[in-house]
Structure formats: C-alpha cells, structure tokens
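The values are calculated or read from the model by the stated rules, or taken from the named source; none is laboratory data. All figures in this text were calculated on a predicted structure; none of them were measured in a lab. Note that we place each Cβ from the backbone using ideal geometry, even for glycine, and neighbour counts take in every protein chain shown.
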Protein chains: 2
Amino acid sequence: MEARLGGQSCLSGVRILDLTQFEAGPSCTEALAWLGAEVVKVENPKSGDPGRSLGGKPGVDDPYFLLFNANKKSVTVNLKDPKGLQLVKDLAKQADVFVENFAPGSIERLGLGPDVVRALNPSIVYCQVKGFGEGSPYENNLAFDMIAQACGGTMSITGERDGRPLKPGPSLGDTGTGMLLAISILGALYRRKETGQGDHLQVAMQDAMLHYIRIAFATQHRTGKASGRAADSSVSGANPPMGTFPCKGGGLNDYVYVFTSRTNPEHWRRLLAVIGREDLIGDARYDSPAARAERADEVNAMIATWTRRHTKHEAMEIIGAAGIPAGAVLDTMELSTDPTFEARGIMPTIEHPVVGRFKMVAWPVRHSGSPPPVAPAPLLGADTDDVLAHWLDLQPDAVGSLRAAGVVG
Amino acid sequence: MEARLGGQSCLSGVRILDLTQFEAGPSCTEALAWLGAEVVKVENPKSGDPGRSLGGKPGVDDPYFLLFNANKKSVTVNLKDPKGLQLVKDLAKQADVFVENFAPGSIERLGLGPDVVRALNPSIVYCQVKGFGEGSPYENNLAFDMIAQACGGTMSITGERDGRPLKPGPSLGDTGTGMLLAISILGALYRRKETGQGDHLQVAMQDAMLHYIRIAFATQHRTGKASGRAADSSVSGANPPMGTFPCKGGGLNDYVYVFTSRTNPEHWRRLLAVIGREDLIGDARYDSPAARAERADEVNAMIATWTRRHTKHEAMEIIGAAGIPAGAVLDTMELSTDPTFEARGIMPTIEHPVVGRFKMVAWPVRHSGSPPPVAPAPLLGADTDDVLAHWLDLQPDAVGSLRAAGVVG
C-alpha cells in the first residue's frame, strides 16, 4: 500500500480512523490515502458504507464506492456492541486523525463525539463534515450534495440566463467540501508534527460552496446585484466571441468552447485568420471588446458558421494551434476511452478482486512525474485482522473470539 | 499576519514563493496563507497580477483579486532585469515552496524552470499548474477555467437534459484545481519536514476536472453509456420527487430543492404529511421509488402545488424540520447579506486600505471553533522591503539602490 514513487510516500506513517460514508468524507480521506496515509475505514459488518450498495448488486461494490475508497483499509466493527465501541475507542487512541460525516448528532449518540475522543487522545485531529454550520439556523438539518448546492449558491449561477436554476453536474457539495477539509487536516498534521497539538475541524457543505463561487461574489461587488447564471459563458461576463459553438455531427456534446480574452486583442485577430475573415482584421466594427459586445450575435454567428463545418476535435486542434484558447466539450466516455489519460496515469485500469478490470480516476497531481499509485478499494472487512493486530496488538485468537461474539465482522 | 487562534497557526514558518496570477494558482496559495504560511507574491512593478486590474479602475484592486489573495504579501520585482531575476533566485533558495501557473513554457523562458530552481534548492517543493498535462496532445495549449471545464467533462453533464452543454457557475477549473494542488503541496511539506526531500508537483486543469465528476464516471460504469446532464437532478439518476420546485414570488431563484432518498422510505411519507396528503401514505401507486419513478410528473406536480403556496424560505424550513432534505436556492446577495455567515466568521467584513469595508469569503473550515483570521490582500509591492530584509537580510540602502535602478518596485 505504501506509495514509493519518488521516495517515501508523503504521509507515510499517518494513521487515519475513517468513520465516513458516501462521498464528502470518503473523498477527503481518499486524498490522504493516495498521499500514503494509512486510512482505516470502520464499517458495520452487515453492509458497510452504503456507497457499496448503490448499484443494488449484493456482494458487488458499486463503482461509486470503488472511485471514492481507493488505497484504504476496511475494518468491520459492530458499534452497537459495547465491546465494538470500546475497540473503536482503542483505535482512536492510536490514530492521528479521526473523520466522520454522519447526520447531525449521530456521532455523539454513538458515544464517539469530539469531547469523548479528544479526551482519549488529546493530540488527535478530530474532523466533522455537516450540511450546515454550527450556529446556522439549519444546523440540525440533513443535507446531501444537491441541498448544499442549492443553499450554497452554486445553483443560482448555473443554467440558461433566463431559465430555472440547474445543478452543476460535478458533485461539488460532496467532493468540493472533502477537498477543503483535507487541506485543513494536512495543515493541522503539519503543526502537530512539531507541537503535538490536536485540533477540532468542522466544515459545513453549504459554507464550502461559497469558496467555489467567489467569482460570482466578485461580480456582485462590481454590479451591486446578485450574480446571474453563467449559461455557456461566465458569471464574470462575456467577451464575444465566447462560449460553446456547435460543431459537425450535431450530437448533444458536439460543441467547441472558444474563448477570446479581453486582455489579449490578438485572440480575436488570430481567430479571424482561422475562419478565413482576414478582411475584418482591424475593422473598427469588431476590433475592440466593446465593439464586439455590441454585435455579439453577429460575431458569434460568424464563428459558428465556421465551427459547424468542423468536428469539435478538428475545431479544437485548429483554433488551439493558432494560439486561441479552445476546447472540445468532452463527455465521460470520450474521456475514459482517450488512451492519453491511461498513458499518463490519470485514468489507470486497475484490477479489483471481485469487479475485475476497472477504470479508475487517480489523484491528478503528479509527484515527481507520476500520480501516486492506486490500489483498489478494500472489500468489506478485508483488513480487520491486520489492523487490529498492528494498531492494537490483538492476537488472532482474541480477534477470533470477538468475531464469534459478533463484535467484529 | 500569523494566525494564532487555537494555538500556533498550522503552517507557521513555511515560506512560499508565489509566482501565480488570476485564480488557479492564487486560490491554492491563499489556502496555504490562511493556514499561516508566509506567502510572498512576486509581481511585476508596473501592474502586478492581472487579477488586480479586472475592474478597470486604475490603482484600485478588483474584488476578484481581493478574494483570491488574502493573507499574502506582495513583493514587486522586474524579472526582465538580470538583477531582478537573481533576486528571485535568492528568494527561491530561502523558500520551502515555489508555485507558478504561467502559460506553457513561460517559466522556463524566464529562467526559473524546475531544473534551475531545484538545482538552487534541492529540497524545495516546486509546483506548476497548466491547462493540459505533460504528454497530452494539447500540452502546449492555453487554457482558462472554461476551457478546462469543456475538456474536463463538467460541461457535458451540466444543463437541461436535451439542451446544450452549459458551464457550471463555480470556477472549478481554477479553484477546483488549486485545491488539489494545495493538498499535494501539504503532503510534500509533511514528508519534507521529516526527510528534507523536495518534490516537483504538476497538475493540469483538465485532469483535475475528472476528480470532481466521479459520480458521472460511476454512472457510466453502470450504464455503459456516457453520463447525461444533471439538469436540476443528479447524474446518478433521479428519485422523484427530487429537484428544484417553484415557490411563491416567481423570481429567477424562487425555488426550493427537495430530495427524497431511495434508501430512506420515510422521506416520501414525511413529505406527504407536510403537503397534507396523508391519505396517500402507504398507497401502492406511490409507495416505492420504482412506483414514483413511473409517475414522476404526477408526483413532482403534487409537490409543486404545495411549494407554490410558500416562499422558498418557508418551504425549506417546513420541509427540513419534518426530516426531509430540503434547501432554498440562494443567490449571492442573499448569502452575503445573511447575518449568520458574518456571525460565524464565514463571510467577515474586513477593512482594506484602499477599498474600505469589504465582505470577504473566508476559509470555511473551522479550526477549534473558528475559521482562520483574514487579513486583506496586499497592495502592490507593499512588502518588498520587509521580505527582502527578512528573507535575504538586505539593508534599506541596498533595497533603495535596487529600487532606484528599477529592479524592484
């Protein structure tokens, strides 16, 4: 499990006790696992993280689970049994970090709230993800990704300009929150290495969304009004030509994004050369951003006439090579079958003991040339014996007794 | 500047040499600054980070700049002058981390590429953000947030189901990428503290997008087809009633999100009680997710009839209190004028020396009760003398000579 590319893995020796499920928590602990931390998922022996069962195939972990739990270990413990609870407390004494994302009040009812665990292990970094922050009128409310995105402003800026609010496709409420918590955990671990000081980290999914829509707050600062929706442009405003232009094929994703910057007049001039309208270079009707904004429809139509004659890949290649920012709108199938992602280690194919060959999405930051290595998500309870032996020095017969009594899975 | 809430700030003593601009890089280094690192922005003396000028008001930093550069220091150096370049090399020798997000090839042309800087300081963590990854056919292309979102799949899953692809409002291509790099930097710093080992981190904005759309890859794994668009639902599929429901007022954002989970049948039953249709509790026509999916339009209309009679805030309060995940669609103005965000330290009002009172968006993770303290983004060159004195032991007269020669601002 230790990632050794480019020397010792970053978080070698860091122990994380992971009581999270679904995505906001698991995406956070998975990032730490990729960097080499030993992440031990504590799961109920019956079915484990509900993310395992989303596909509805008994005994087969869903792709959702596989994507958010790579490089982790799984220990199954019955938390309703006092001996199981004690076992988790014993594990918490050995851990550097404790993470949970249960519904509000649940971890306290389980008997593993921050006061309890921090008393057992004062230098632990104790972490909680909730939907709404302590002190919010909604602090006890349930939340899922879409609720966080509704209440966190991301939906209000997504959609056609005059259409209804839409949910951004990315699961920003979950993974977006998980990443911010991972940063704070790593900050707290860095200080702890020197001072031994623990911490109590809390993040609310609603609050985390504000971090990702700061361009919309900037726009509001400028205009004095709530930011509108981005449509195919940006909440910061459009600088025509800019947006998704239709391409040959006419399919749902046969579009190329073309962007001409307000701060670089060459983008527009280069684009005119690409579409064979050199005659308009320097023409005052189009030569400034303000002039083009006045003739936005005409300008965009000019570009669309050209893009319709090309596939999105051709269009991206030709426009990009001319020094103008351009990008084909790619769908998940195009991305996962593009061999350059596999070759670069960004989407490696791994072997899972039950599912078989599985296309993963790896940690995308390369460390000295490569993304950290990927190990498949653990089967339910795969590491119970191993972790109890190494963290708690429990011998096989002791674990056997606990298993016979239904305390561990 | 040192954040002292809850003890010593996390990254106290960490020195970051920051050659980034706009958002992907600055969002990353700002996260580190919030956690207490000393982040020194190196800017050109003339106009600095182009993010400062986005508002077009000379001498007044744009809100965009203020939001992405809090808690940092600014040093102005003319990199085109050999003495200025040498100064930055000297600073790099004193730094723990070096970060840049120039266009492909630019940092090497400046003479500060990874080979140069890592030779000067082998234990430095040298970091680069680009649009496309090394080894991608587009590795030399320009990219901005929207290009990364087009090529990284997020647009293909955002929009109405049969509509054109739209850009998610959040600037995921920029800030989303910045957060992943921050995690890797912190991992590398953690290892470095023990081993002294440096690292070379590289992240491509296109690659980073895959990390945020893993639910779409999970859906594709299940169906064998490219993931569709989320509309107001989720790419993982809908479980009616689910989505944005229209509320009293009829404005662009007068909607409430209601979510009933497939795995918790109580959500539906509680919702029937809320809308006064207890008569339908247990009715086989609606009692299972499959049954409701068959009558999706009817089920959604039933909820909409109720939500139209309530404001989004009432609807959220009533439905949420009944134990059903619900959230009003809030816009940026509603969020920034909600006093609970100010009270909780999530959106504090700070004082900027030129702009005056300014509503910030703080780091949303609370450390032992509070988000880290916020200091305003630095004025251009505000810390040149201070940093040259402390990092390089340059005396005021030496700095004065450099300034007179146009080497520093």
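Here are the numbers for the structure shown:
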{"item": "Residue check for B:ARG269: among the basic types (Lys, Arg), at negative phi and within 32 Å of the chain's Cα centre (by Cα)", "result": "no"}
{"item": "Lone qualifier among B:GLY381, B:GLY409 - being under 22 Å from B:ALA95 (Cβ atoms) and modelled with pLDDT under 95", "result": "B:GLY409"}
{"item": "The range B:96-143, residues that are farther than 20 Å from B:TRP391 by Cα, within 12 Å of chain A (Cβ to nearest Cβ) and basic (Lys, Arg)", "result": "B:LYS130"}
{"item": "Filter result (surrounded by fewer than 23 Cβ atoms within 10 Å (Cβ to Cβ), hydrophobic (A, V, I, L, M, F, W, C) and farther than 18 Å from A:GLY55 by Cα) within the range B:228-246", "result": "B:ALA231"}
{"item": "Count of the range A:161-184 residues which are more than 7 Å from chain B (Cβ to nearest Cβ) and in contact (Cβ under 8 Å) with a residue 40 or more places away in the chain", "result": "6"}
{"item": "Answer from A:ASN101, A:ASN78, A:ASN121 - the residue that is closer than 21 Å to A:SER184 by Cβ, over 27 Å from the mean Cα position of the chain (by Cα) and not small (Gly, Ala, Ser)", "result": "A:ASN121"}
{"item": "Those residues of the range A:199-232 which are of a type in the set (Val, Ile, Thr) and facing chain B (nearest Cβ under 7 Å), in sequence order", "result": "A:VAL203, A:ILE213, A:ILE215"}
{"item": "Residues of the range B:93-115 classified as crowded, with 16+ Cβ neighbours inside 10 Å and either free of Cβ contacts under 8 Å to residues at least 60 places away in the same chain or within 19 Å of B:ALA182 (Cα to Cα) (or both), total", "result": "12"}
{"item": "Residue within the range B:260-280 that is in contact with a Gly (Cβ under 8 Å, 6 or more places away or on another chain), among the hydroxyl-bearing types (Ser, Thr, Tyr) and within 11 Å of chain A (Cβ to nearest Cβ) present", "result": "no"}
{"item": "Which listed residue is assigned to a strand (DSSP E or B) and in contact (Cβ under 8 Å) with a residue 24 or more places away in the chain, from B:ASP90, B:ASP18, B:ASP61", "result": "B:ASP18"}
{"item": "Residues satisfying the stated conditions in the range B:146-159, i.e. in contact with a Lys or Arg (Cβ under 9 Å, 6 or more places away or on another chain) and facing chain A (nearest Cβ under 7 Å)", "result": "B:MET146, B:ALA150, B:THR154, B:MET155, B:SER156, B:ILE157, B:THR158, B:GLY159"}
{"item": "Output for the range B:132-142, where each listed residue is touching a strand residue (DSSP E or B) at 6+ places or on another chain (Cβ under 7 Å) and surrounded by 24 or more Cβ atoms within 10 Å (Cβ to Cβ)", "result": "B:PHE132"}
{"item": "Within the range B:325-396, helices (runs of 4 or more DSSP H) holding 2 or more residues that are farther than 25 Å from B:ARG15 by Cβ and in contact with a helix residue (DSSP H, G or I) (Cβ under 8 Å, 6 or more places away or on another chain)", "result": "B:332-337"}
{"item": "Looking only at the range A:14-60, and only at residues there that are touching a Gly at 6+ places or on another chain (Cβ under 9 Å) and basic (Lys, Arg), the one that is surrounded by the fewest Cβ atoms within 10 Å (Cβ to Cβ)", "result": "A:LYS46"}
{"item": "Where a residue in the range B:195-209 is within 15 Å of A:THR340 (Cβ to Cβ) and its partner, wherever it lies, is buried (at least 24 other Cβ atoms within 10 Å of the Cβ) and of a type in the set (Phe, Trp, Tyr), with Cβ under 6 Å and at least six apart", "result": "B:ALA204/B:PHE132; B:GLN206/B:PHE132"}
{"item": "Selection within the range A:185-197 - crowded, with 24+ Cβ neighbours inside 10 Å and more than 7 Å from chain B (Cβ to nearest Cβ)", "result": "A:ILE185"}
{"item": "Some residue of the range B:81-89 being under 27 Å from B:ALA143 (Cβ atoms) and within 14 Å of chain A (Cβ to nearest Cβ)", "result": "no"}
{"item": "Scan of the range A:233-256 for residues that are of a type in the set (Gly, Ala, Ser), more than 8 Å from every other protein chain (Cβ to nearest Cβ) and within 18 Å of A:VAL329 (Cβ to Cβ), ordered by number", "result": "A:ALA238, A:GLY243, A:GLY249, A:GLY250, A:GLY251"}
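Conditions (1) without any contact (Cβ under 8 Å) to a residue 40 or more places away in the chain; (2) crowded, with 18+ Cβ neighbours inside 10 Å, marked per residue:
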site	(1), (2)
A:GLU294	yes, no
A:ARG308	no, no
A:LYS312	no, yes
A:ILE318	no, no
A:THR337	yes, no
A:GLY369	no, no
A:LEU379	no, no
A:VAL387	no, yes
